[in-house]
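The values are calculated or read from the model by the stated rules, or taken from the named source; none is laboratory data. Keep in mind the model is a prediction, meaning the values are calculated, not measured. With ideal geometry, Cβ positions are generated from the backbone for all residues, glycine too; neighbour counts draw on all protein chains shown. All accessible areas refer to the heavy atoms of the entire protein, side chains included, with ligands and DNA or RNA removed. Shrake-Rupley method; radii C 1.70, N 1.55, O 1.52, S 1.80 Å.
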Amino acid sequence: MDVLTVERITKRYGAVTALEEVSLVVPEGVVYGILGPNGSGKTTLLGIVTDALKPSAGSYRFFDGARPGHEARKEMGVLLETPNFYPYLSARENLTIVARIKGRDPAGIREALRAVNLLERQHAPFKTYSLGMKQRLAIAAALLGDPRVVILDEPTNGLDPEGIAEIRELVRRVAGEGRTIILASHLLDEVEKVCSHVAILKRGRLLAAGDIRGVLSGAGDDGATGEIVTMEVAGGDPATLAAALGRLDGVLSTSVEGGAVTISCAAGRLAPGEVNRYCFENDIVLERLVAREKNLEVKFLELTK
Amino acid sequence: MLYLANIEFLKLRRDRSFWILTALFASSVTGANYMAAGLAANGPLAGVVDFSFPSAWKVVSFISSFLLVMPCLVIIMHACSEHVYRTHRQNVIDGLSRGQYVTAKLLLVAGLSLFSTLLVVVLAFALGLPGERPVSFAGFEHAGYFFVQATMYISLAFLVALVVKKSALAIGLFCFYAFVIENMLEKYLDKLHHVGQLLPLASSDHLLAPGRLMRIADMGTAWSPPALLLASVVWIGACLLACYYKYKKQDL
């Protein structure tokens with residue numbers, strides 16, 4: 001069963017088109033990352049599928065349309081943009097409202113608060129919380145009652161490095177339990193570490209979507225198919241090294257960063273040994289040569305530039 | 001319904017401003033009626049206003065109607081705070097349908113109207129019982145008219161809050177409409193077979209004739225109570241439909 005099917009959704013704000021005919025399918029049990037720079041339409045897309053926003057055109061359905069929208073949302077945990085709670089109520093009282101709306105057992109509130117380390121402050125009013133605590137409470141609300149689907153929009157916003165690591169671990173744990181997670185983020189590293197599927201948005205248009213390996217091994221700018229790899233090479237003067245490597249057959253691009261040169265080439269076209277031999281033959285002794293598989297960041301920049 | 005009422009109660013039970021404003025309204029209505037009763041007993045209103053039965057129903061309903069703007073402020077501030085904190089949006093994201101959200105608020109509108117009416121009934125009893133005449137329900141329909149009037153005012157206030165979303169602006173616009181715009185419209189439209197008296201607030205006001213204290217021009221009531229009642233009910237229905245329509249169509 002597909003958890004979410006989005007069909008040709010468009011959202012316009014006057015003359016501005018925030019989303020243009022976006023279609024995607026989220027299968028059950030995957031961690032689905034929605035990537036895009038700020039203003040690409042990630043939150044708008046999630047806002048539409050959670051009924052916070054109305055689409056200008058197109059449609060969406062959860063669980064193959066088996067349940068009406070609001071009933072389907074009761075089976076989901078959602079953190080969209082900022083945490084929204086009643087400031088005069090405590091964490092526990094706020095979660096009681098969430099549990100009541102979703103028809104969940106309030107007994108699960110304690111476990112949800114414990115999972116985000118807010119048990120000690122559960123009776124303090126929400127307005128007294130720090131930004132990180134508010135974010136953690138929103139995550140607790142999203143995880144309340146073991147939802148089948150968890151939708152997280154920039155879940156690590158406002159968290160310190162320890163909190164970010166905790167959320168990553170939490171996402172992995174929840175995904176490990178077989179639940180579906182839809183995660184919107186502009187932090188590529190975050191998505192790459194936890195997601196099995198990815199959709200890349202830019203200015204409201206969907207550039208790529210699907211299994212993360214499939215997206216990464218898509219066609220490159222040169223039209224060649226197959227995976228693209230990068231190598232980090234250092235030795236001697238970086239400018240001389242970059243110029244020499246630029247002449248090497250198979251090298252698609254070179255860039256100098258710090259004291260090293262990064263080259264990209266089609267996978268299988270150029271082996272690290274060949275690069276090493278080429279440099280040695282051109283009187284350059286390498287101090288470092290690291291081959292890397294193409295990562296999401298490279299693909300993302302390639303698609304969105 | 002019980003599900004939605006329970007959710008509203010969970011939100012309101014610790015909302016201090018809601019309870020303080022509601023208590024202020026109850027105190028003001030009680031105080032205004034007791035003050036008027038005092039003036040009627042041995043003051044300038046002696047012989048003009050009669051708090052004994054059966055006129056107690058009409059007099060208490062009429063005096064209380066001047067303060068109906070207070071529960072309107074309560075609903076505007078509560079509805080707008082849901083927008084400011086974006087909790088209305090979160091409620092929908094968490095699983096309320098948009099229709100359920102509006103229904104929950106309309107339950108609050110009904111609750112405030114019922115509370116106001118109950119207060120009027122209790123005060124009519126409290127002020128009428130010491131009078132010379134025995135308890136009579138002859139004019140009890142005025143408490144019903146007051147309920148209709150309260151529902152009309154509070155529904156319209158909720159609609160304004162839903163559209164405007166900012167409490168200060170919503171309160172200003174509501175008061176401007178209630179005390180200026182509708183009075184002007186009523187005066188103008190009264191030249192056309194008194195249709196001005198069928199306007200949203202005017203129709204329910206005229207049910208409790210002789211009209212509001214703040215009405216600029218009180219021209220008497222030209223329509224029968226059933227006609228005014230029908231107009232009020234139609235306006236209330238239109239107001240509620242507008243609330244549903246607006247909330248179902250807008251981005252949250």
Output yes when any residue across the range B:12-33 is within 14 Å of chain A (Cβ to nearest Cβ), within 30 Å of residue A:72 (Cβ to Cβ), without any contact (Cβ under 8 Å) to a residue 60 or more places away in the chain and open to solvent by 10 Å² or more (accessible area, probe 1.4 Å), and no when none is.
yes
So for the range B:81-91 (the condition being of a type outside the set (Val, Ile, Thr), away from chain A (no Cβ under 14 Å) and under 21 Å from the mean Cα position of the chain (by Cα)), does at least one residue qualify?
no
Just checking, which of A:65, A:103, A:58, A:36 is away from chain B (no Cβ under 14 Å) and modelled with pLDDT of 90 or more?
A:58
Please determine whether any residue of the range B:95-113 is buried (at least 21 other Cβ atoms within 10 Å of the Cβ), within 14 Å of chain A (Cβ to nearest Cβ) and free of Cβ contacts under 8 Å to residues at least 60 places away in the same chain.
yes
Among the residues of the range A:108-123, is there at least one that is more than 22 Å from residue A:171 (Cα to Cα), touching a residue at least 24 places away in the same chain (Cβ under 8 Å) and within 11 Å of chain B (Cβ to nearest Cβ)?
no
Report whether or not residue B:4 is within 20 Å of residue B:236 (Cβ to Cβ), away from chain A (no Cβ under 11 Å), of a type outside the set (Asp, Glu) and touching a residue at least 24 places away in the same chain (Cβ under 8 Å).
no
Those helices (runs of 4 or more DSSP H) lying entirely in the range A:118-211 with at least 2 residues open to solvent by 30 Å² or more (accessible area, probe 1.4 Å), over 19 Å from residue A:81 (Cβ atoms) and of a type in the set (Lys, Arg)
A:161-176
Would you call residue A:266 buried (at least 16 other Cβ atoms within 10 Å of the Cβ), over 30 Å from residue A:180 (Cα atoms) and modelled with pLDDT under 80?
yes
I need a count of the residues in the range A:68-100 that are small (Gly, Ala, Ser) and facing chain B (nearest Cβ under 8 Å).
1
Which pairs do you get when a residue that is farther than 15 Å from residue B:90 by Cα and among the basic types (Lys, Arg), found in the range A:28-49, comes within reach of a residue that is open to solvent by 10 Å² or more (accessible area, probe 1.4 Å) and outside any helix (DSSP H, G or I), reach meaning Cβ atoms under 8 angstrom, with the pair 6+ apart or on two chains?
A:42/A:186
Yes/no for residue A:50 being polar (S, T, N, Q), within 23 Å of residue A:178 (Cα to Cα) and away from chain B (no Cβ under 14 Å)
no
All-but-one check, residue A:153 against (1) acidic (Asp, Glu); (2) free of Cβ contacts under 8 Å to residues at least 12 places away in the same chain; (3) in contact with a strand residue (DSSP E or B) (Cβ under 8 Å, 6 or more places away or on another chain), failing number (2)
Can you name the residue in the range B:229-250 that is under 17 Å from residue B:80 (Cβ atoms) and within 14 Å of chain A (Cβ to nearest Cβ) and, of all such residues, is surrounded by the most Cβ atoms within 10 Å (Cβ to Cβ)?
B:247
Residue list for the range A:56-68, filter: closer than 15 Å to residue A:45 by Cβ and surrounded by 14 or more Cβ atoms within 10 Å (Cβ to Cβ):
A:56, A:58, A:60, A:61, A:62
Single residue of the range A:75-88 satisfying the filter (more than 28 Å from residue A:28 (Cβ to Cβ) and surrounded by fewer than 21 Cβ atoms within 10 Å (Cβ to Cβ)) that is farthest from the chain's Cα centre (by Cα):
A:88
Here are A:91, A:72, A:112: which of them is more than 20 Å from residue B:92 (Cα to Cα) and crowded, with 18+ Cβ neighbours inside 10 Å?
A:112
For the range B:220-252, which positions are modelled with pLDDT of 90 or more and part of a loop (DSSP other than H, G, I, E, B)?
B:250, B:251, B:252
Listed by range, helices (runs of 4 or more DSSP H) wholly within the range B:147-219 having at least 1 residues that are at pLDDT below 90 are B:182-189, B:200-207
With the checklist (1) open to solvent by 10 Å² or more (accessible area, probe 1.4 Å); (2) more than 19 Å from residue B:250 (Cβ to Cβ) in hand, flag the one item residue A:32 doesn't pass.
(1)
